[in-house]
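J.: Here you go, one structure.
The values are calculated or read from the model by the stated rules, or taken from the named source; none is laboratory data. Source: prediction; values computed, not measured. Cβ atoms come from the backbone with ideal geometry, glycine included; neighbour counts cover every protein chain shown. Quick note on the areas: whole protein, heavy atoms, side chains included, nothing else; ligands and nucleic acids left out. Shrake-Rupley method; radii C 1.70, N 1.55, O 1.52, S 1.80 Å.
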Number of protein chains: 4
Amino acid sequence: MNYGTCFPRWRAGAPDWDAYVRTPFLRSLADGSLPRHAFLTYLAQDYVFLIHFARAWSLAVAKAGSLPEMRACSATVHALLETETRLHLDLCARAGITEAELTATVEAPQNLAYTRYVLEAGYSGDFLDLLAALAPCVLGYGEIGARLLSEGHDPAYAEWIETYGGTDYQALCHGTAALIDGAVASRLGPQAPALPRWHQLQDRFSTATRLEAAFWTLAG
Amino acid sequence: MNYGTCFPRWRAGAPDWDAYVRTPFLRSLADGSLPRHAFLTYLAQDYVFLIHFARAWSLAVAKAGSLPEMRACSATVHALLETETRLHLDLCARAGITEAELTATVEAPQNLAYTRYVLEAGYSGDFLDLLAALAPCVLGYGEIGARLLSEGHDPAYAEWIETYGGTDYQALCHGTAALIDGAVASRLGPQAPALPRWHQLQDRFSTATRLEAAFWTLAG
Amino acid sequence: MNYGTCFPRWRAGAPDWDAYVRTPFLRSLADGSLPRHAFLTYLAQDYVFLIHFARAWSLAVAKAGSLPEMRACSATVHALLETETRLHLDLCARAGITEAELTATVEAPQNLAYTRYVLEAGYSGDFLDLLAALAPCVLGYGEIGARLLSEGHDPAYAEWIETYGGTDYQALCHGTAALIDGAVASRLGPQAPALPRWHQLQDRFSTATRLEAAFWTLAG
Amino acid sequence: MNYGTCFPRWRAGAPDWDAYVRTPFLRSLADGSLPRHAFLTYLAQDYVFLIHFARAWSLAVAKAGSLPEMRACSATVHALLETETRLHLDLCARAGITEAELTATVEAPQNLAYTRYVLEAGYSGDFLDLLAALAPCVLGYGEIGARLLSEGHDPAYAEWIETYGGTDYQALCHGTAALIDGAVASRLGPQAPALPRWHQLQDRFSTATRLEAAFWTLAG
């Protein structure tokens, strides 16, 4: 998927992109062979992930440069905290995992690595560093969902695939890409990819991609 | 007003509390003698203030210690960015100030001092430092609104007084006080006021109160 | 003084530069008419200032992009904490102000405004935002010192003038300017002044200059 | 080793402490069977680690609550940037690794996980959160060095063991423990371990210990 203009360039420059979006975990999710317990392990980690993800998007509100940027990031926080986390709770509840169990989940090292990398990139860098580190997650899930949906899949994990491949999530991806493109243009101008700063953002994106790729291995 | 249990103690320990809530600006607002241009100057600064205030509450989401704390702070951000800033725009539009004029407002030093103090307290300290620095604004406006409403006032600035003295804002104050009391208890325990940490929080509250008192002078 | 290449451009774009470097306080410091108590008030505030200034330069170490940038900022922190603060203590001691009195100094609002603005710029922005907000202080004092020294001055406050106009401080200014120029070039490239990002840095510099100008009034 | 009073309690509460200080890597380092290439891999990662470690201690200066706390942390930064990194360069140079190779080292995920966890703990929490996350590294290396030195060891990696077991590093450990104990006492008072805040600090320490334990596996 080509969400906006910065993302396709950053993706092309990230050596681990394929390792992230074409992983054995995802193949087995698509063909239905993924063991249920592995999926539940992933879901529980993803619940903890969502909380830190919401923290990172909140930090983006604090670091934004304009009211529209603040509103865009705040809408994501609101959706994560009011909708996504509750949907996750429902999904887990139906799978037999209680909220108390979810809250007690011990964060896997791969989870810690990615979420803290993103947050620290945001704290130590600026709004662009934060967006570049967040991008692989938001847009990579969109790319994965769209591809799995178009390729056909087993019904076992259809709900997951239809969520990320579906219209709502795809619209969110296009909105996030527009936020990124606008943020880069309004700071670095039309020749952004020619600046040294671009390579620093590429490095944020590539490192975050590498850590996202490792995330799939936590459900071993 | 006694919002919760921490706030009344902090208020009692802040030497500038009366200078903040019983200021000439507020007396003239209540008796209708405040010149229109002074009120508009205040409104324009307050618009810029709201933006940094929303940034500070977003930082609180990133620094919160639990999902309920995150949700409480995020609801405030959402209300500020989606409702309050739009209401302010309407109010200013009716007074003849355009959005472009508002956005171009040069922040007064008193505005810079308070908002950056709060944000820096949050960045350098933790969630409690941030809440202690935010409290004088949220709860002081509640106390001012409730008092002016109960004492009777000229219709000239009734809308302002009825907003902060009204049911919705008072409920928000009680909610914020509950957030503060819960956050202090879940970190410092029931004997919090006996700890050295309490004095550091008192200092945050007192300094923020001093800077809030100075804020009223900007429309001088 | 033309320290490096970014500073002269930023200075030319800051409306309050002259209000900062050519203020009545400085004139009376040069001609010796500044009352002693006003100078001591300034010194006590400046002591508190140095502490927050050292915090800001430490934040710069955390936000730097390379080991040489880290070392340059850390050398400043080291000098501030090990040398400058002790020199200030000596100077104050000779003037009859004890360390306990200095530590108990209540920060003036103008002091809070500038230091928290700088720190918040650093936390919310990146290394460049922090340097642009720090620059008016470091380099402005260099420009003031060099000018007062060259214009001739009364012996009353010669020590202050000779410190900032002297060889050591002037070398530090040239070093800081080189740090800034290098940091801008290694992120924004040779056409930095043509980028929107430049205007954001100019705004940091201009606002910090405005707050520095107000700082002189605290000893009023 | 019992460095101070907080550390022994936190260590006792960290389930992964033994996994961190009694690891196969360390056994082979002591008996000399550790392959040279594994040691060099570790050294190169440790060089990158030192840089982020210096950033974290700089953040501690910015977040400290008093001038003595600032000076203690700044002295560590200064030692890391001026002495430790240069010693590491020398050590690596003698082993045939150039500075350019060191600088080009790709950070291992275990390295990213620990350093970003520490930095993020510091940014999102306060000075105590940062110290609790830094403690396992500083004091764990002291404990490891002292034990290996006392137990006898092969000459192959004697320099490493003598560095961390030696007088200078042990003094640094006692100084860091005093800093931690003082910081906890001056914020949380003498009953700190009875407060909920203590458990949050324990959690910081335990998670950092878990990530430190994983660090040894990177040289696999």
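J.: Tell me, please, whether a residue that is within 14 Å of chain A (Cβ to nearest Cβ) and at pLDDT 95 or above can be found in region B:134-148. Can you show your working first?
T.: Taking region B:134-148 and keeping what is within 14 Å of chain A (Cβ to nearest Cβ), we get B:134.
Retained after the next criterion (residues that are at pLDDT 95 or above): B:134.
Checked against the condition, which is being within 14 Å of chain A (Cβ to nearest Cβ) and at pLDDT 95 or above, region B:134-148 yields at least one hit.
J.: Moving to a separate point now. Among the candidates D:Leu87, D:Leu40, D:Leu34, D:Leu29, single out the residue that is farther than 30 Å from C:Phe127 by Cβ and at pLDDT below 95.
T.: Details: D:Leu87 fails: farther than 30 Å from C:Phe127 by Cβ; D:Leu34 fails: at pLDDT below 95; D:Leu29 fails: at pLDDT below 95.
Only one candidate qualifies: D:Leu40.
J.: Shifting gears a bit: Scan region D:58-109 for residues that are within 16 Å of C:Leu80 (Cβ to Cβ) and among the hydrophobic types (A, V, I, L, M, F, W, C) and jot them down.
T.: D:Ala60, D:Val61, D:Ala62, D:Ala64, D:Leu67, D:Met70, D:Ala72, D:Cys73, D:Ala75, D:Val77, D:Leu81
J.: Can I ask one more? Which ones in region B:51-70 are over 25 Å from B:Leu102 (Cβ atoms) and of a type in the set (Val, Ile, Thr)?
T.: B:Val61
J.: Another question, if that's okay. Collect the residues in region C:141-163 that are among the hydroxyl-bearing types (Ser, Thr, Tyr) and either crowded, with 22+ Cβ neighbours inside 10 Å or over 18 Å from the mean Cα position of the chain (by Cα) (or both), keeping them in residue-number order. Break it down into steps so the answer makes sense when it comes.
T.: Pass one, region C:141-163, residues among the hydroxyl-bearing types (Ser, Thr, Tyr): C:141, C:150, C:157, C:163.
If the condition is that a residue be among the hydroxyl-bearing types (Ser, Thr, Tyr) and either crowded, with 22+ Cβ neighbours inside 10 Å or over 18 Å from the mean Cα position of the chain (by Cα) (or both), then C:Ser150, C:Tyr157 are the ones that fit.
J.: If we keep just the residues of region C:167-211 that are closer than 14 Å to C:Ala132 by Cα, more than 10 Å from chain A (Cβ to nearest Cβ) and of a type in the set (Gly, Ala, Ser), which is surrounded by the most Cβ atoms within 10 Å (Cβ to Cβ)?
T.: This residue is C:Ala208.
J.: Could you please let me know if B:Leu50 is free of Cβ contacts under 8 Å to residues at least 60 places away in the same chain, within 14 Å of chain A (Cβ to nearest Cβ) and not hydroxyl-bearing (Ser, Thr, Tyr)? Give the derivation first.
T.: On the way: free of Cβ contacts under 8 Å to residues at least 60 places away in the same chain: yes; within 14 Å of chain A (Cβ to nearest Cβ): yes; not hydroxyl-bearing (Ser, Thr, Tyr): yes.
When the stated conditions are applied, B:Leu50 passes them.
J.: Restricting to region A:53-65, what's the tally of residues that are facing chain B (nearest Cβ under 9 Å) and touching a residue at least 24 places away in the same chain (Cβ under 8 Å)? I'd like the intermediate steps shown before the answer.
T.: Taking region A:53-65 first, the residues facing chain B (nearest Cβ under 9 Å) are A:54-64.
Those left that are additionally touching a residue at least 24 places away in the same chain (Cβ under 8 Å): A:54-57, A:59-60, A:63-64.
Number satisfying all stated conditions: 8.
J.: Turning to a different aspect of this structure: In region A:88-117, how many are within 14 Å of chain D (Cβ to nearest Cβ) and under 21 Å from A:Tyr164 (Cα atoms)?
T.: So in region A:88-117, the residues within 14 Å of chain D (Cβ to nearest Cβ) come out as A:103-117.
Within this subset, residues satisfying the condition of being under 21 Å from A:Tyr164 (Cα atoms) are A:111, A:114-115.
Adding up the residues that qualify gives 3.
J.: Which condition does D:Phe127 not pass, out of (1) more than 25 Å from D:Ala79 (Cβ to Cβ); (2) open to solvent by less than 40 Å² (accessible area, probe 1.4 Å), if it passes all the others?
T.: Going through the list (1) more than 25 Å from D:Ala79 (Cβ to Cβ); (2) open to solvent by less than 40 Å² (accessible area, probe 1.4 Å), D:Phe127 breaks only (1).
J.: Okay, moving on. Any idea which of (1) free of Cβ contacts under 8 Å to residues at least 40 places away in the same chain; (2) more than 20 Å from C:Ala214 (Cα to Cα) is the one C:Gly122 doesn't satisfy?
T.: (1)
J.: Another question, if that's okay. Please determine, by comparing only the residues of region C:27-44 that are part of a helix (DSSP H, G or I) and crowded, with 20+ Cβ neighbours inside 10 Å, which one is farthest from the other protein chains (Cβ to nearest Cβ).
T.: The initial filter retains those residues of region C:27-44 that are part of a helix (DSSP H, G or I), namely C:27-31, C:36-44.
Now restrict to residues that are crowded, with 20+ Cβ neighbours inside 10 Å: C:29-30, C:42, C:44.
Numbers: C:Leu29: 22, C:Ala30: 26, C:Tyr42: 18, C:Ala44: 15 Å.
The selected residue is C:Ala30.
J.: Please tell me if D:Val138 is among the β-branched types (Val, Ile, Thr), under 27 Å from B:Asp129 (Cβ atoms) and surrounded by fewer than 24 Cβ atoms within 10 Å (Cβ to Cβ).
T.: yes
J.: Can you pull out the residues in region A:66-86 that are hydroxyl-bearing (Ser, Thr, Tyr) and either in contact (Cβ under 8 Å) with a residue 24 or more places away in the chain or more than 8 Å from chain B (Cβ to nearest Cβ) (or both)? Let's see the steps before the verdict.
T.: Residues of region A:66-86 hydroxyl-bearing (Ser, Thr, Tyr): A:66, A:74, A:76, A:83, A:85.
Residues satisfying the conditions are A:Ser66, A:Thr76, A:Thr83, A:Thr85.
J.: Which one is least open to solvent (accessible area, probe 1.4 Å), of the residues in region B:52-104 that are outside any helix (DSSP H, G or I) and in contact with a Phe, Trp or Tyr (Cβ under 7 Å, 6 or more places away or on another chain)?
T.: Per the criteria, the residue is B:Ala64.
J.: Right, A:Gly4: buried (at least 18 other Cβ atoms within 10 Å of the Cβ), of a type outside the set (S, T, N, Q) and at positive phi or not?
T.: Values: buried (at least 18 other Cβ atoms within 10 Å of the Cβ): yes; of a type outside the set (S, T, N, Q): yes; at positive phi: yes.
Answer is yes for this residue.
J.: Here's a follow-up. Looking at (1) in contact with a His (Cβ under 9 Å, 6 or more places away or on another chain); (2) within 16 Å of D:Thr105 (Cβ to Cβ), can you tell me which one D:Ser74 breaks?
T.: (2)
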